[in-house]
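Chemist: Dumping the structure here so I can ask a few things about it.
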Amino acid sequence: QEEEKWDFVLVSDFHEVGSKKETKRRKFLDELSKKGFTIKKIEEEKLFHGVRAPKQIFQKYQQLLRNPDAAISGLNGHHGIPATTRIRIVHFILHHTTTPDFEKLHDLMRKKVFEAAFPLHENEEVTEFLKERWARWREIFCRQPIEKIRYYFGEKVALYFAWLGWYTYLLAFAALAGLIVFVAGITVFSSSQVSKEICEATDTIMCPLCDQKCPFWLLSDTCTYAKVTHMIDNEGTVVFAMFMAIWATVFLELWKRQRATVVTHWDLYKWDEEEEELAMELINDVQNKPQQYQHSYFRSTIILLLVLLMIIVLIGIAHGLVIFRVVAMAFFAQTDFEFLREQANTMAVMMGAVLHYITIVIMTKINRRVALYLCDLEKPRTLSQRENNFTIKIFTFQFFTNFSSLIYIAFFLGRINGHPGNYVRVAGKWRLEECHPSGCITDLFIQMAIIMLLKQTISNVVEYLSPWVTTKLRKRRQRTKKRSMMLGEEEEEEDPCKSHWVNNYNLSKVEFLSLFDEFLEMVIQYSFTTIFVAAFPLAPLLAFCNNLLEIRLDAIKMMRLRRRIVPWKANDIGIWLQVLEAIGILAVIGNGLVIAITSDFIPMQVYKYTYSPCTRENSTVDCSTGYINHSLSVFRIQDFESHTKVPEMLPGYEITECRYRDYRNADDYSYTAQFWHIFAARLAFLILFEHVALCVKLIAAWYVPDVPKSVKNQFRVRKHNNLRKELSVTEYSTEV
């Protein structure tokens with residue numbers, strides 16, 4: 001039974017004897033045979049070749065790297081080598097074996113000589129354990145068996161699940177804090193003086209929201225909208241934004257400690273990836289010369305320009321979404337349906353959010369292809385270097401795809417649209433959107449809520465159903481073929497390998513960067529959870545609920561729906577850590593900008609301490625009394641633009657002027673002194689918030705050491721013992 005274990009299976013179509021493809025396949029298999037590989041052929045619907053490496057290859061590996069897998073070689077190891085290491089070495093040799101025509105396996109797969117190459121899921125005790133105790137929905141709240149995941153899928157996959165589990169665990173605290181802030185907002189918004197003033201403003205006439213069919217309207221008509229806005233935009237939001245900036249730092253620092261503990265236990269803390277790569281190159285070809293590091297400034301300049309061009313395209317798409325919302329707003333405002341007319345702004349924002357999600361789905365596929373093309377231009381030396389380069393590019397593209405529209409809503413919506421009588425227009429026709437008098441933060445809240453909900457429902461359903469449907473269809477086709485064979489002649493006794501190999505082939509294909517996709521999905525989610533969390537306090541709660549499902553979804557895909565992933569060795573999560581640290585800094589900047597610019601927190605504080613009734617002596621009224629009236633400017637309707645159709649007057653009102661959200665003088669519409677006071681206060685708050693938050697982050701990073709003292713002490717004791725052993729050997733040799 002031990003001898004019947006196969007390291008890899010190569011699958012191809014049947015080709016005519018003597019054909020070009022058949023000749024190429026035979027040459028490749030002959031090269032493997034020369035290296036001592038055992039090859040077994042099985043004919044089914046496809047042609048299967050099982051390959052098993054000779055034990056000498058693994059003995060060389062142990063000698064060159066001083067038996068790096070001693071800690072786990074006893075766990076059902078094959079020839080004293082763990083299955084994960086065997087698969088990794090064989091994968092390396094398969095992909096670095098060159099035929100006499102100077103073609104490697106990836107060239108042959110591109111030319112359809114081979115269709116697939118994959119390691120096998122083994123029917124072992126650990127496999128059944130992982131299927132029953134890990135890859136099950138019912139285990140959603142149970143601890144993950146990281147050691148067994150490492151034994152079966154290798155350290156890279158185990159570290160991904162360890163990181164995801166740690167991230168989800170700490171998200172629970174952020175989710176609880178966000179829920180408290182949100183509930184506090186719900187309980188206090190009805191008593192907010194600002195929303196109370198909006199609800200009672202039955203004689204405040206607002207300027208029309210569009211040029212043709214839009215009427216004058218009363219500020220009190222938007223009472224509910226105002227209450228929802230102040231449910232999100234309150235003092236608790238500022239505290240929560242600061243909390244999330246600290247949380248992001250503490251999460252990363254604690255993860256570094258957790259990672260140090262885990263990889264020390266695996267004896268991989270000082271593992272050298274380059275040394276392992278050089279050892280494998282020598283095992284594959286003893287005459288091999290190491291690849292040299294190369295750098296071309298010309299090539300780097302070209303790639304940088306192409307990346308900038310792609311970013312400009314993505315920003316252009318965000319502009320397209322803005323134009324869509326402007327046109328949708330004009331359409332809804334002029335429709336005959338009263339409900340759509342009244343909710344034109346909200347409907348435009350919601351439709352814009354759905355369209356934004358669709359662009360994210362489409363552009364994710366395009367971004368991936370562009371990033372891979374740019375990586376091929378760079379010609380990276382190693383697999384890890386290629387993955388790092390790809391990570392930086394795809395994350396940059398995905399960041400602009402996901403956040404360009406949000407950045408516009410947060411920081412530009414309602415601030416570049418002009419004012420009545422002098423609106424900024426798209427194509428000289430449609431005027432840009434305005435913020436609601438109670439603030440812009442609700443638009444950002446709606447956009448984030450829709451995108452996060454769609455990403456975490458539709459995307460996860462597709463992510464699960466795609467491999468599930470593929471696997472089911474292949475298995476059904478296989479059963480149909482078997483049934484037709486049983487109706488025919490009596491079949492010979494079936495090779496036990498045949499069904500095992502066919503069952504593995506029927507599983508969904510594992511993409512080269514499949515684990516990368518899981519990381520990217522989580523890191524983009526982490527960005528949503530931290531960067532604009534001030535506008536959407538429920539983001540950590542949604543992320544927490546999603547991650548509980550995501551862990552089991554990924555486990556089920558890996559164990560039940562996909563072929564076995566190549567088990568790579570690793571001692572950290574790679575360049576993703578730097579990406580997460582960059583997101584932590586962006587989170588401080590983003591939340592500072594949301595509070596300073598998007599939120600009404602600063603204008604309200606300026607009003608309270610400069611213009612409110614509280615500034616007068618012996619005043620007992622609420623300090624925000626009169627804020628709404630103070631924040632609205634006056635426009636004379638005789639100053640409307642010539643092509644603006646002045647709407648009919650409201651019944652019972654003789655209208656000569658209307659109000660709009662801005663700080664402008666009534667005579668020449670220039671900015672008032674209050675506008676510049678608020679502008680200065682926004683800048684001061686932004687500088688203060690970001691410096692305080694970054695200082696707190698630095699203090700937290702210093703306060704929580706990256707490496708636990710137990711790990712440091714362990715290495716110190718190990719060094720001491722090694723030196724002591726060398727000293728005793730030296731003294732013994734001197735005495736002799």
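Chemist: Of the residues that sit in segment 603-656 and are open to solvent by 90 Å² or more (accessible area, probe 1.4 Å) and under 49 Å from the mean Cα position of the chain (by Cα), which one is farthest from Arg431 (Cα to Cα)?
Modeler: By that ranking, first place goes to Tyr609.
Chemist: If you check Ala680 against the conditions, is it touching a residue at least 24 places away in the same chain (Cβ under 8 Å), in a helix (DSSP H, G or I) and of a type outside the set (Phe, Trp, Tyr)?
Modeler: Here the answer is no, as Ala680 does not meet what is asked.
Chemist: I would also like to ask the following. Look at Tyr669 and say whether it is part of a loop (DSSP other than H, G, I, E, B), at negative phi, among the aromatic types (Phe, Trp, Tyr) and not assigned by the TED database to the domain that holds Glu433. If you could, list the steps in order and put the result at the bottom.
Modeler: On the way: part of a loop (DSSP other than H, G, I, E, B): yes; at negative phi: no; among the aromatic types (Phe, Trp, Tyr): yes; not assigned by the TED database to the domain that holds Glu433: yes.
Here the answer is no, as Tyr669 does not meet what is asked.
Chemist: If we only count helices (runs of 4 or more DSSP H) wholly inside segment 261-348, which ones have 2 or more residues that are aliphatic (A, V, I, L, M)?
Modeler: 273-284, 297-334
Per-residue answers, yes or no, for (1) closer than 30 Å to Gly584 by Cβ; (2) of a type outside the set (Asp, Glu); (3) outside the structural domain of Asn417 (by the TED database); (4) not in a helix (DSSP H, G or I):
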site: His643; (1), (2), (3), (4): no, yes, yes, yes
site: Val646; (1), (2), (3), (4): no, yes, yes, yes
site: Phe689; (1), (2), (3), (4): yes, yes, yes, no
site: Val692; (1), (2), (3), (4): yes, yes, yes, no
site: Val717; (1), (2), (3), (4): no, yes, yes, no
site: Asn721; (1), (2), (3), (4): no, yes, yes, no
site: Glu726; (1), (2), (3), (4): no, no, yes, no
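Chemist: Hey, which of the helices (runs of 4 or more DSSP H) in segment 75-185, taking only ones fully inside, have at least 3 residues that are in contact with a Gly (Cβ under 8 Å, 6 or more places away or on another chain)?
Modeler: In segment 75-185, 83-96 are the helices (runs of 4 or more DSSP H) which contain 3 or more residues that are in contact with a Gly (Cβ under 8 Å, 6 or more places away or on another chain).
Chemist: So which of Arg386, Arg415 is surrounded by fewer than 16 Cβ atoms within 10 Å (Cβ to Cβ) and either free of Cβ contacts under 8 Å to residues at least 24 places away in the same chain or among the charged types (D, E, K, R) (or both)?
Modeler: On inspection, the qualifying residue turns out to be Arg415.
Chemist: Further question: Scan segment 198-223 residue by residue and report those that are assigned to a loop (DSSP other than H, G, I, E, B), open to solvent by 40 Å² or more (accessible area, probe 1.4 Å) and out of contact with any helix residue (DSSP H, G or I) (no Cβ under 7 Å at 6 or more places or on another chain).
Modeler: Across segment 198-223, the qualifying residues are Asp203, Pro215.
Chemist: Sticking with this structure for a sec: Can you tell me how many residues within segment 552-583 are open to solvent by less than 20 Å² (accessible area, probe 1.4 Å) and either in contact with a strand residue (DSSP E or B) (Cβ under 6 Å, 6 or more places away or on another chain) or outside the structural domain of Trp247 (by the TED database) (or both)?
Modeler: Residues meeting the conditions: 2.
Chemist: Hey, does segment 294-303 have a residue that's closer than 25 Å to His95 by Cα and exposed (fewer than 13 other Cβ atoms within 10 Å of the Cβ)?
Modeler: There is at least one residue in segment 294-303 that is closer than 25 Å to His95 by Cα and exposed (fewer than 13 other Cβ atoms within 10 Å of the Cβ).
Chemist: For residues in segment 91-129 being within 16 Å of Tyr152 (Cβ to Cβ) and in contact (Cβ under 8 Å) with a residue 60 or more places away in the chain, which is most open to solvent (accessible area, probe 1.4 Å)? Explain how you work it out, then say what you get.
Modeler: Our first condition is that a residue be within 16 Å of Tyr152 (Cβ to Cβ); within segment 91-129, this holds for 91, 118-129.
This time we only want the ones that are in contact (Cβ under 8 Å) with a residue 60 or more places away in the chain, so: 91, 118-123, 127.
Numbers: His91: 32, Phe118: 6, Pro119: 2, Leu120: 5, His121: 19, Glu122: 31, Asn123: 128, Thr127: 3 Å².
Applying the filter and picking the extreme gives Asn123.
Chemist: On to the next question. Are any residues in segment 662-703 modelled with pLDDT under 90, surrounded by 15 or more Cβ atoms within 10 Å (Cβ to Cβ) and of a type in the set (A, V, I, L, M, F, W, C), and if so, which ones?
Modeler: Phe689, Ala693, Leu694, Val696, Ala700, Ala701 - these are the residues of segment 662-703 that are modelled with pLDDT under 90, surrounded by 15 or more Cβ atoms within 10 Å (Cβ to Cβ) and of a type in the set (A, V, I, L, M, F, W, C).
Chemist: Looking for whichever is under 30 Å from Thr442 (Cβ atoms), in contact with a Leu (Cβ under 9 Å, 6 or more places away or on another chain) and polar (S, T, N, Q) here; the options are Thr249, Thr229, Thr222, Thr237. Which one fits?
Modeler: Thr249
Chemist: With Ala226, Ala260, Ala248 as the choices, which residue is open to solvent by less than 50 Å² (accessible area, probe 1.4 Å) and over 30 Å from Val183 (Cβ atoms)?
Modeler: Matching residue, one of Ala226, Ala260, Ala248: Ala260.
Chemist: Another one. Go over the candidates Leu549, Leu542 one by one and state the one that is out of contact with any helix residue (DSSP H, G or I) (no Cβ under 6 Å at 6 or more places or on another chain) and open to solvent by 20 Å² or more (accessible area, probe 1.4 Å).
Modeler: On the way: Leu542 fails: out of contact with any helix residue (DSSP H, G or I) (no Cβ under 6 Å at 6 or more places or on another chain).
Checking each option against the conditions leaves just Leu549.
Chemist: Can we say Pro567 is within 30 Å of Ser459 (Cβ to Cβ) and not in a helix (DSSP H, G or I)?
Modeler: Against the criterion (within 30 Å of Ser459 (Cβ to Cβ) and not in a helix (DSSP H, G or I)), Pro567 qualifies.
Chemist: Pairs please, first residue from segment 58-85 and open to solvent by less than 30 Å² (accessible area, probe 1.4 Å), second anywhere and modelled with pLDDT of 75 or more and among the basic types (Lys, Arg), Cβ atoms under 7 Å, 6+ apart in sequence or on different chains.
Modeler: Partner pairs satisfying both residue conditions: Phe58/Arg86; His78/Lys5; His78/Arg86.
Chemist: Would you say Thr391 is surrounded by fewer than 16 Cβ atoms within 10 Å (Cβ to Cβ) and either within 30 Å of Leu304 (Cβ to Cβ) or in contact with a strand residue (DSSP E or B) (Cβ under 6 Å, 6 or more places away or on another chain) (or both)?
Modeler: no
Chemist: May I ask you to list the residues in segment 114-148 that are of a type in the set (D, E, K, R) and under 22 Å from Glu550 (Cα atoms)?
Modeler: Matches in segment 114-148: Glu128, Lys131, Glu132, Arg133, Arg136, Arg138, Glu139, Arg143, Glu147, Lys148.
Chemist: Give me the pairs: first residue in segment 488-507 and among the β-branched types (Val, Ile, Thr), second residue at pLDDT 90 or above, beta-carbon distance under 8 Å, and six or more apart or on different chains, which are they?
Modeler: Hits for this filter: Val502/Phe48.
Chemist: Quick check on segment 178-197. Is at least one of its residues among the aromatic types (Phe, Trp, Tyr) and open to solvent by less than 10 Å² (accessible area, probe 1.4 Å)?
Modeler: Checked segment 178-197: no residue is among the aromatic types (Phe, Trp, Tyr) and open to solvent by less than 10 Å² (accessible area, probe 1.4 Å).
Chemist: So which residues in segment 408-434 are in contact with a Ser or Thr (Cβ under 9 Å, 6 or more places away or on another chain) and either of a type in the set (A, V, I, L, M) or part of a loop (DSSP other than H, G, I, E, B) (or both), if there are any at all?
Modeler: Once the filter is applied, which keeps residues that are in contact with a Ser or Thr (Cβ under 9 Å, 6 or more places away or on another chain) and either of a type in the set (A, V, I, L, M) or part of a loop (DSSP other than H, G, I, E, B) (or both), segment 408-434 yields Ile409, Ala410, Leu413, Pro420, Gly421.
Chemist: Within segment 440-466, work out how many residues are open to solvent by less than 10 Å² (accessible area, probe 1.4 Å) and either part of a helix (DSSP H, G or I) or modelled with pLDDT of 80 or more (or both).
Modeler: 8
Chemist: Turning to a different aspect of this structure: Out of the residues in segment 323-343 meeting the condition of being touching a Leu at 6+ places or on another chain (Cβ under 8 Å) and at pLDDT 75 or above, tell me which one is most open to solvent (accessible area, probe 1.4 Å).
Modeler: Among those residues, the one meeting the criterion is Phe324.
Chemist: Would you point out the residue of segment 367-380, among those that are free of Cβ contacts under 8 Å to residues at least 60 places away in the same chain and surrounded by 15 or more Cβ atoms within 10 Å (Cβ to Cβ), that is nearest to Phe397 (Cα to Cα)?
Modeler: Asn367
Chemist: Any idea which of Glu16, Glu22 is assigned to a helix (DSSP H, G or I) and either of a type in the set (Asp, Glu) or over 42 Å from the mean Cα position of the chain (by Cα) (or both)?
Modeler: From the options Glu16, Glu22, the qualifying one is Glu22.
The values are calculated or read from the model by the stated rules, or taken from the named source; none is laboratory data. What you are looking at is a predicted structure, and each value in this text was computed from that prediction instead of being measured. Cβ atoms come from the backbone with ideal geometry, glycine included; neighbour counts cover every protein chain shown. Just so you know, the surface numbers come from the protein's heavy atoms only, side chains and all, with ligands and any DNA or RNA stripped out. Shrake-Rupley method; radii C 1.70, N 1.55, O 1.52, S 1.80 Å.
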